[in-house]
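Visitor: Let me begin by handing over the structure; questions about it come next.
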Amino acid sequence: MTKGVESDFVSRKEAIQRADEELLATLGYKQEFKRAFKPIEVFGIAFSIIGLLPSIASVLFYALPNGGGPAMVWGWFVASIFILFVGMSMAELASAAPTSGGLYFWTYSLSSPRWRNLLCWIVGYANTIGNVAAVASIDWGCAVQVLAAATIGSGGEFSPTTAQVFGVYAAIVLSNAVVCCLGTAVLARLQSFYIFLNILLCIAIIIALPIATPSEYRNTAKFALGEFNNFSGWPNGFAFIYSFLAPLWTICSFDSSVHISEEASNAAVAVPWGIVGAIAIAGVLGTAINIALAFCMGTDLQGLYDSDQPMADIFVQSFGQKATLGIWAIVVIVQYMMGSSMLLSASRQTFAFSRDGGTFL
């Protein structure tokens, strides 16, 4: 009986692999990678790049001066809905044509013959440069967070120089490159760990922050959710829209699931679900995190905005120095994992674009 079940499992796995290879062949490509990414790991790469808590820490300064609590909570909620619409459209395309090229391949396929080469080239280069820039952006944020830990540990006496931040940033980029040189199976298995750590960190902060925050830093529902504090210099309406930059930067690069589609098992199903699942969960958990922050950050928004790391300051005033250092260490690890996953996605996009003759590589 056991042998029969095992035989059926192997047969089904082989059938899925053949279907993946046949679909890829209809798109004009041969199978070159091992299909080692399970559906949960396809979701994992998009979700780990989103990296909710460290990402919110990196972009909190977009929401604070542009409305405060209401911009953090309602801005995140509204932007998440629109991002989900974009993701659903991308998921539909990924289901029909799951290839590492993704966006530029779909552009070529769906454009008129007259313009397809130009549009494909523009989209391909924009996507490739965007992926590379995202690696730089995430790793710079990680470097800032590493040195924020040093500032917390010194009681505010240490203030990093630009050269120190750049040195830490360079070390992070190089180490991410080493991680991404690991085998496909290893990189795939890492995604499950990334998912676990991300969700654990989010839930821990959502629960622990309101409990630990002293009464003097707890805000009323009116202040946290309804009192629009705009000190950005822009009109209120524009300021609220400007606060969308926080969720737009955080819930981005969900196309990373597409870029590993040639390494995914049952890609036509796993990739679209990975995209939609990552955006939906990030929208819900991100809203919950922002609600917790809005109720527990105190009323001195200008002071938080002027600090080197607003979220670190919120944690210090709620958890104290030692507990914040422990939490912040996990935040830094999750941010580092974001960088390695983003570099993996960027490498696959660059590979695909080079394969089609789009780059000089």
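Visitor: Leu201 - would you say it is farther than 22 Å from Asn290 by Cβ and outside any strand (DSSP E or B)?
Guide: Values: farther than 22 Å from Asn290 by Cβ: no; outside any strand (DSSP E or B): yes.
Considered against the rule, which asks whether it is farther than 22 Å from Asn290 by Cβ and outside any strand (DSSP E or B), Leu201 comes out as no.
Visitor: Mind checking which residues of the range 112-171 are of a type in the set (S, T, N, Q), farther than 18 Å from Ser58 by Cβ and under 23 Å from the mean Cα position of the chain (by Cα)?
Guide: Of everything in the range 112-171, those that are of a type in the set (S, T, N, Q), farther than 18 Å from Ser58 by Cβ and under 23 Å from the mean Cα position of the chain (by Cα) turn out to be Asn127, Thr128.
Visitor: Let me ask another. Considering only the range 346-357, state which residues are over 12 Å from Asn176 (Cβ atoms) and open to solvent by less than 50 Å² (accessible area, probe 1.4 Å). First the steps, then the outcome.
Guide: As a first pass, look at the range 346-357 and keep what is over 12 Å from Asn176 (Cβ atoms): 348-357.
Arg348, Gln349, Thr350, Ala352, Phe353, Ser354 - these are the residues of the range 346-357 that are over 12 Å from Asn176 (Cβ atoms) and open to solvent by less than 50 Å² (accessible area, probe 1.4 Å).
Visitor: Using the structure shown, decide if Leu285 is within 27 Å of Ile138 (Cβ to Cβ) and open to solvent by 40 Å² or more (accessible area, probe 1.4 Å).
Guide: Numbers: within 27 Å of Ile138 (Cβ to Cβ): yes; open to solvent by 40 Å² or more (accessible area, probe 1.4 Å): no.
So Leu285 does not fit the description; no.
Visitor: Say whether the condition of being closer than 24 Å to Gln145 by Cα, assigned to a helix (DSSP H, G or I), open to solvent by 30 Å² or more (accessible area, probe 1.4 Å) and of a type in the set (Gly, Ala, Ser) is met by at least one residue in the range 239-260.
Guide: no
Visitor: While we're on this one: Please indicate, with yes or no, whether at least one residue in the range 52-60 is open to solvent by 10 Å² or more (accessible area, probe 1.4 Å), under 30 Å from Ala239 (Cα atoms) and either in a helix (DSSP H, G or I) or at pLDDT below 95 (or both). Full working, then the answer.
Guide: As a first pass, look at the range 52-60 and keep what is open to solvent by 10 Å² or more (accessible area, probe 1.4 Å): 58.
Checking the rest, the ones that are also under 30 Å from Ala239 (Cα atoms) come to 58.
Next cut, either in a helix (DSSP H, G or I) or at pLDDT below 95 (or both) only: 58.
Checked against the condition, which is being open to solvent by 10 Å² or more (accessible area, probe 1.4 Å), under 30 Å from Ala239 (Cα atoms) and either in a helix (DSSP H, G or I) or at pLDDT below 95 (or both), the range 52-60 yields at least one hit.
Visitor: Among the numbered criteria (1) part of a helix (DSSP H, G or I); (2) open to solvent by less than 60 Å² (accessible area, probe 1.4 Å); (3) not hydroxyl-bearing (Ser, Thr, Tyr), which single criterion is violated by Ala163?
Guide: Only one criterion in (1) part of a helix (DSSP H, G or I); (2) open to solvent by less than 60 Å² (accessible area, probe 1.4 Å); (3) not hydroxyl-bearing (Ser, Thr, Tyr) is unmet by Ala163, namely (2).
Visitor: Let me ask something else. Give the residue that is farthest from Pro98 (Cα to Cα), with candidates limited to residues of the range 274-293 that are out of contact with any Leu (no Cβ under 7 Å at 6 or more places or on another chain) and among the small types (Gly, Ala, Ser).
Guide: Ala288
Visitor: Which of the residues that make up the range 92-122 are polar (S, T, N, Q), part of a loop (DSSP other than H, G, I, E, B) and surrounded by fewer than 19 Cβ atoms within 10 Å (Cβ to Cβ)?
Guide: Restricting attention to the range 92-122, the residues satisfying the condition of being polar (S, T, N, Q) are 95, 99-100, 107, 109, 111-112, 117.
Okay, now just the ones that are also part of a loop (DSSP other than H, G, I, E, B), so 99-100, 111-112.
If the condition is that a residue be polar (S, T, N, Q), part of a loop (DSSP other than H, G, I, E, B) and surrounded by fewer than 19 Cβ atoms within 10 Å (Cβ to Cβ), then Ser111, Ser112 are the ones that fit.
Visitor: Sort out which residues of the range 297-311 are open to solvent by 30 Å² or more (accessible area, probe 1.4 Å) and closer than 13 Å to Arg218 by Cα, and write them in order of number.
Guide: Thr299, Asp300
Visitor: Being open to solvent by 60 Å² or more (accessible area, probe 1.4 Å), of a type in the set (A, V, I, L, M) and touching a helix residue (DSSP H, G or I) at 6+ places or on another chain (Cβ under 7 Å): is that true of Ile314 here?
Guide: Working: open to solvent by 60 Å² or more (accessible area, probe 1.4 Å): no; of a type in the set (A, V, I, L, M): yes; touching a helix residue (DSSP H, G or I) at 6+ places or on another chain (Cβ under 7 Å): yes.
When the stated conditions are applied, Ile314 does not pass them.
Visitor: If you don't mind, another one. Please identify the pairs in which a residue from the range 272-287 that is within 15 Å of Gly51 (Cβ to Cβ) and touching a residue at least 12 places away in the same chain (Cβ under 8 Å) has its Cβ atom under 6 Å from the Cβ atom of a residue that is in a helix (DSSP H, G or I) and open to solvent by 20 Å² or more (accessible area, probe 1.4 Å), counting only partners at least 6 apart or on another chain.
Guide: Final answer for the pair search is Ala278/Phe43; Ile279/Leu84.
The values are calculated or read from the model by the stated rules, or taken from the named source; none is laboratory data. Fair warning: this is a prediction, and the values are worked out from it, not measured in the lab. Note that each Cβ is placed from the backbone with ideal geometry, even for glycine, and that neighbours are counted across all protein chains shown. Note: areas computed on protein heavy atoms with side chains; ligands, DNA, RNA excluded. Shrake-Rupley method; radii C 1.70, N 1.55, O 1.52, S 1.80 Å.
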